[in-house]
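A.B. asks: Sharing a structure with you now.
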Amino acid sequence: MRQIQFTRTGGPDVLELVETELPPPAAGEVRIANRAIGVNFIDIYFRTGLYPAELPGGMGFEGAGVIASVGPDVTEFEVGDRVAYVLGPRGAYADEVNRPTDVVVALPDAIDYETAAAGLLKGLTVQYLLHQTFAATAGHKILFHAAAGGVGLIACQWARALGVYVIGTVSTEDKAETARQHGAWQTIDYTRESVPERVLELTDGRGVPVVYDSVGKATWTDSLKCLQKRGLMVSFGNASGPVEGVNLAELNRRGSLFVTRPSLGDYADTRTRYESMVADLFGVIASGDVHIPIGQRFDLADAAAAQQALADRHTTGSTILLP
Ligand code: NDP
């Protein structure tokens, strides 16, 4: 099978396409012939070494395809089933993978492979951010950074369906337009406008009850300035670099703020919770409330170019690889 591997951390050029032998699926595993593979910003954190990775290793966490074979003791799935997976071991950038059945979900007919690969990790993230980390409900005004990105465009749509007003940050006018088309109530260009000033204007001086910040280092301080008293700062990513040196006194000074640094794996940490979150996501896709926008498609062999585009802020919506 063909797989993207890396033997050292660094720029996109460390990603290599290699031919390797995939062992037969072990007990409790299935082999999936990928039809589409999701590209996520977390892949870049592993490639650059921000998140530690055992090397040499594969890249990527999610994909969708057809069950090609099943390991001993597998009863939940059969050859030919349409499935998707996330949260398993790294190595999804490949034409075939073995995955434990715990992380595999059956695809309803209404959800095609590309939608599943583009939307599972990002959509489950939005599920827990809007429903579990903070319960966003009709009338709330929230600040969501990188609103035109993969997670961002799903969040804009899902929030709109809940009656939530998204103030979305973006870096260009085209991205602003895209975010608004997907349901953002207002957009702020954080490369040239003051985010706290605009947020205070848009909330009659009150600030927002929650900020969803996946940009990290570059936006941390301004995000805190946008919160109401006792507001919640949800720092869920590091696209601009990790947040370091958090000063608790600052949280106090800015109004008894709360902070959390969540991960999908801690919310979908049991099969029951994972299935319930997937059902919620597939439900909003089936109802039409959320469409998973795929802004970029690359061949598997061009994984480096896909990651480069994502890291360089040239993408909107989700990016997938096609094996
Ligand atoms: P995106 O498609 O959102 O891409 C990242 C976006 O961040 C860019 O398009 C860009 O938008 C913005 N950005 C701001 N500053 C920078 C910078 N210095 N370098 C690069 N991008 C920057 O990626 P994903 O949808 O894959 O992921 C979004 C974020 O959510 C990531 O930080 C990811 O790690 C995080 N995440 C966290 C999860 C969790 O459970 N904790 C799960 C899934 C994702 P613009 O040009 O408009 O500024």
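The values are calculated or read from the model by the stated rules, or taken from the named source; none is laboratory data. As the structure is a computational prediction, the values presented were derived from the model and not from experiment. Positions of Cβ are backbone-derived with ideal geometry, glycine not excepted, and every protein chain shown enters the neighbour counts.
A.B. asks: Among the residues of segment 111-144, how many are within 11 Å of the ligand (Cβ to nearest atom) and of a type in the set (Ser, Thr, Tyr)?
C.D. replies: Residues in segment 111-144 being within 11 Å of the ligand (Cβ to nearest atom) and of a type in the set (Ser, Thr, Tyr): 3 in total.
A.B. asks: Scan ALA94, ALA159 and give me the residue that is aliphatic (A, V, I, L, M) and either free of Cβ contacts under 8 Å to residues at least 40 places away in the same chain or not assigned by TED's automatic domain parsing to the domain that holds ALA64 (or both).
C.D. replies: Numbers: ALA94 fails: either free of Cβ contacts under 8 Å to residues at least 40 places away in the same chain or not assigned by TED's automatic domain parsing to the domain that holds ALA64 (or both).
The unique qualifying residue is ALA159.
A.B. asks: Taking the condition of being within 16 Å of the ligand (Cβ to nearest atom) and not hydroxyl-bearing (Ser, Thr, Tyr), how many residues in segment 261-290 meet it?
C.D. replies: The number of residues fulfilling the criteria is 13.
A.B. asks: Could you please give the count of residues in segment 41-69 that are surrounded by 24 or more Cβ atoms within 10 Å (Cβ to Cβ), outside any strand (DSSP E or B) and within 11 Å of the ligand (Cβ to nearest atom)?
C.D. replies: So the answer is 2.
A.B. asks: Determine, yes or no, whether VAL208 is within 16 Å of the ligand (Cβ to nearest atom), outside the structural domain of GLN307 (by TED's automatic domain parsing) and under 25 Å from ALA138 (Cβ atoms).
C.D. replies: no
A.B. asks: In segment 262-321, what residues are among the small types (Gly, Ala, Ser) and more than 24 Å from ALA110 (Cβ to Cβ)? Before you say what the answer is, go through the steps one by one.
C.D. replies: Taking segment 262-321 and keeping what is among the small types (Gly, Ala, Ser), we get 263, 265, 268, 276, 279, 283, 286-288, 295, 301, 303-306, 309, 311, 317-318.
The answer is SER263, GLY265, ALA301, ALA303, ALA304, ALA305, ALA306, ALA309, ALA311.
Yes/no matrix, rows are residues, columns are (1) buried (at least 20 other Cβ atoms within 10 Å of the Cβ); (2) farther than 29 Å from ASP289 by Cα:
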| residue | (1), (2) |
| --- | --- |
| THR172 | no, no |
| GLY205 | no, yes |
| LEU224 | yes, yes |
| LYS229 | no, yes |
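A.B. asks: How many of the residues making up segment 233-253 are crowded, with 18+ Cβ neighbours inside 10 Å and either more than 14 Å from the ligand (Cβ to nearest atom) or β-branched (Val, Ile, Thr) (or both)?
C.D. replies: 2
A.B. asks: Suppose we filter VAL243, VAL290 for residues that are assigned to a loop (DSSP other than H, G, I, E, B), outside the structural domain of HIS145 (by TED's automatic domain parsing), touching a Gly at 6+ places or on another chain (Cβ under 9 Å) and at negative phi; which single one remains?
C.D. replies: Answer to the selection: VAL290.
A.B. asks: Filtering segment 26-39 down to residues that are more than 16 Å from the ligand (Cβ to nearest atom) and crowded, with 23+ Cβ neighbours inside 10 Å, which residue is farthest from ILE294 (Cα to Cα)?
C.D. replies: Residue satisfying both the conditions and the ranking: GLU29.
One line per residue, one yes/no per condition, for (1) over 15 Å from GLY265 (Cβ atoms); (2) not acidic (Asp, Glu); (3) not in a strand (DSSP E or B):
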residue	(1), (2), (3)
VAL74	yes, yes, yes
LEU87	no, yes, yes
ASN98	yes, yes, no
PRO108	yes, yes, yes
GLY119	yes, yes, yes
THR125	no, yes, yes
HIS131	yes, yes, yes
ILE142	yes, yes, no
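A.B. asks: Could you list, in sequence order, all residues of segment 145-169 that are near the ligand (Cβ under 8 Å from one of its atoms), on the phi < 0 side of the Ramachandran plot and in a loop (DSSP other than H, G, I, E, B)?
C.D. replies: If the condition is that a residue be near the ligand (Cβ under 8 Å from one of its atoms), on the phi < 0 side of the Ramachandran plot and in a loop (DSSP other than H, G, I, E, B), then HIS145, ALA147, ALA148 are the ones that fit.
A.B. asks: Looking for whichever is more than 9 Å from the ligand (Cβ to nearest atom) and either hydrophobic (A, V, I, L, M, F, W, C) or crowded, with 24+ Cβ neighbours inside 10 Å (or both) here; the options are ALA179, ALA218, ALA184. Which one fits?
C.D. replies: Of ALA179, ALA218, ALA184, the one residue that is more than 9 Å from the ligand (Cβ to nearest atom) and either hydrophobic (A, V, I, L, M, F, W, C) or crowded, with 24+ Cβ neighbours inside 10 Å (or both) is ALA184.
A.B. asks: Out of everything in segment 237-279 that is free of Cβ contacts under 8 Å to residues at least 12 places away in the same chain and of a type in the set (Val, Ile, Thr), what residue ends up being nearest to VAL86 (Cα to Cα)?
C.D. replies: THR270
A.B. asks: Still on this structure, please answer the following. Test each condition in (1) free of Cβ contacts under 8 Å to residues at least 24 places away in the same chain; (2) in a strand (DSSP E or B) for VAL79 and report the one that comes out false.
C.D. replies: (2)
A.B. asks: Hey, among ARG82, ARG99, ARG90, which residue is under 13 Å from GLY28 (Cα atoms) and either at pLDDT 95 or above or buried (at least 20 other Cβ atoms within 10 Å of the Cβ) (or both)?
C.D. replies: After applying the criteria, what remains is ARG99.
A.B. asks: Now a separate question. Could you please find all residues in segment 293-323 being within 16 Å of the ligand (Cβ to nearest atom), in a helix (DSSP H, G or I) and not aliphatic (A, V, I, L, M)?
C.D. replies: The answer is GLN307, GLN308.
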